[in-house]
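Engineer: This is the structure I have questions about; it appears just below.
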Amino acid sequence: MKIGFVAMSGVRAVNPRLNELGLTLPGFVERNKTIASLPSLGLLTLAGLTPRDVAVEYIEFSGDVEADLPDGDFDLVAISSFTARIKDAYRLADLYRAAGVKVVLGGLHVSALPHEALQYADAIVTGEGEPAWPRLLADFRKGRLQRVYDTRDAGFSLADAPMPRFELLDPERYNRLTVQTQRGCPYRCEFCAASVRISKTYKIKPVEKVIAEIRRIKEIWPAPFIEFADDNSFVNKAHSKRLLRALQKEHVRWFTEADISIADDDELLGLMKDSGCTQVLIGLESPTLVGLDGIEKKGNWKARRLDEYMRSIERIQAQGITVNGCFVLGLDGTGSESFAEVWRFARDSALYEVQVTVMTPFPGTPLYERLSNEGRILQKGAWELCTLFDVNYSPNMMSCTELESGFQNLVEKLYSDDFTQERRHHFRQQLRASQKWGR
Ligand code: B12
């Protein structure tokens, strides 16, 4: 028996002007190069749960679905795709099924729209993959594959997480690899389409398991760069400190996504630096109250943090850890003034890296639900527009064209060589000053 694990990769914006910019602007090109090669940790994890008598192959598919169907003599193919490439995933599934190969689909989009996905698969998994996979394989072997494996109430614990099969990857292809240290998030941002949508609770992977994964990676890549595939690392500060102390001994450099509250804890920041953290990505979302108000649904947490944004960034960057500040353009309540506001904030805060995206109603999110009820989704089912750069809804304080052109101008300004150098110079100046004053 042979299973093909197929990850859909290679998304580009649909808007041609943005694609052109993406290929030319220095700041953009740099970030795109670093992340372009990340593999699908979800599929490597499922491969880790597959009995060793089953032959497995991991394939990243960025090509044209009609032109080159990956061939591997598979009995079963497991396809993973985010929303932006889901239609290609469906086409691929059709082709495999036409060739007599059984197809399983799973992941965030499939969990959001199971009825849609079922039309293209022999079986689907909704929710986290781990609790379903062994049962699904056993059913397949018996010729009794079920249509739906729903794990959303399975109460899966990351203490039972398998070792992902990193050895399936071609060592030449990757410059960084992902490890998941926690899953979910305690906050509920309206637009969030990450694993908070499939994992009801915030869960932590035991420190020993994380370290074991890093050691396994080091057997293949002696000096790896690690990206934590977490929604929000360090929510549990006590656990995080234990993890970071253990990480110190591993001598790796790493990157993660966290929230701004890490700036409140000097000990945590010190441990992050000493354990090899080079950059932390933080969803700042908007530099204004009108933009942030109501984004986080439990306690308006993000809006309440706004006043401390500048100081918090300074405190993190004073450790020599760069901040990649992410902003969403087109948030409700924000109009054409928001482009200049983001630009000004990026300039004044000395953010080393800035990421801007367009508000994106991913299926399965409260944002999608709300915009759909308000009749504001422009093209229903146009999932290929869920790239984070294409606009597929009517903003409430500007026109669609204003959002598109304002976004393009902002991208040009933010990622220009001059502005990138200016921000980095500002960062280095601040770092020298903080080192001098022992902050
Ligand atoms: C690492 C990462 C990447 C990497 C690697 C992607 C990959 N192939 O896995 C890179 C940098 C390449 C990437 C690219 C993009 N990403 Co990204 N990425 C992430 C990140 C940070 C972590 C994902 C991860 O590894 N999770 C850990 C694994 C274990 O979880 P998982 O993949 O969900 O898999 C589990 C289940 O879903 C399920 N499962 C998944 N697939 C399958 C398949 C089968 C058959 C089964 C049974 C089960 C199953 O089982 C797994 C174990 O439980 C998340 C944000 C986050 N913090 O979660 C965003 C995120 C997943 N990305 C996102 C987006 C939008 C993109 C891009 C479109 C951005 C862009 N414009 O380029 C592209 C699209 C890539 C593509 N080709 O489709 C969105 C997805 C939203 C959505 N619903 O579509 C997220 C949630 C971030 C966000 N902005 O909200 N991304």
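The values are calculated or read from the model by the stated rules, or taken from the named source; none is laboratory data. Since this is a predicted model, take the numbers as computed values, not measurements. Reconstructed Cβ throughout: ideal geometry from the backbone, glycine too, with neighbour counts over all protein chains shown. Remember, those area values only see protein heavy atoms, side chains included, never the ligands or the DNA or RNA. Shrake-Rupley method; radii C 1.70, N 1.55, O 1.52, S 1.80 Å.
Engineer: Going by amide H atoms built from the backbone, whose H comes under 5 Å of the H on residue 294, apart from near neighbours?
Structural biologist: When sequence neighbours closer than 5 places are left aside, the close amide H contacts are 303.
Engineer: DSSP beta bridges in the chain, what fraction antiparallel, as a percent rounded to 5?
Structural biologist: Here the share of antiparallel DSSP bridges comes out near 10 percent.
Engineer: Grab the eigenvalues of the alpha-carbon gyration tensor for the range 394-439, scale each by 5, take roots, and send me the semi-axes largest first in whole angstrom.
Structural biologist: Ellipsoid semi-axes (Å, largest first): 36, 13, 4.
Engineer: Enumerate by residue number the trypsin sites (Lys or Arg not before Pro) in the range 42-112 meeting two conditions: DSSP loop (anything except H, G, I, E, B), and at most 11 other Cβ atoms within 10 Å of the site's Cβ.
Structural biologist: Filter output for the range 42-112: 52.
Engineer: Express the carbon and sulfur contribution to the solvent-accessible surface of the chain as a percent, rounded to the nearest whole number, probe 1.4 angstrom.
Structural biologist: 50 percent
Engineer: Which residue, chosen from 375, 84, 291, occupies the Cα position most advanced towards the positive end of the dipole of the chain, where the dipole is computed from +1 (Lys, Arg) and -1 (Asp, Glu) charges on Cβ about the Cα centre?
Structural biologist: Checking the options against the dipole of the chain, the answer is 291.
Engineer: Further question: Loop-only GluC sites (Glu not before Pro) in the range 331-360, please: DSSP not H, G, I, E or B, and at most 14 other Cβ atoms within 10 Å.
Structural biologist: Loop-located and lightly packed - 337.
Engineer: Using the Cα centre of the chain as the reference point, and only Cβ charges (+1 on K/R, -1 on D/E), how large is the resulting charge dipole? Debye, rounded to the nearest 20.
Structural biologist: So the magnitude is around 1240 debye.
Engineer: Shape call for the range 313-427 from the C-alpha gyration tensor, a ≥ b ≥ c root eigenvalues: rounded (a/c under 1.5), prolate (a/b greater than b/c) or oblate?
Structural biologist: prolate
Engineer: Based solely on its DSSP helices, what 222 nm [θ] is calculated for the chain when runs of n ≥ 4 H residues each add -39,500 (n - 2.57) and the sum is averaged over all residues, nearest 500 deg cm²/dmol?
Structural biologist: Calculated at 222 nm, the ellipticity per residue is -11000 deg cm²/dmol.
Engineer: So which trypsin sites (Lys or Arg not before Pro) in the range 238-282 are both in a DSSP loop and have at most 11 other Cβ atoms within 10 Å of their Cβ?
Structural biologist: 249
Engineer: Per residue, how many Å² of accessible area does the chain show with a 1.4 Å probe?
Structural biologist: 43 Å²
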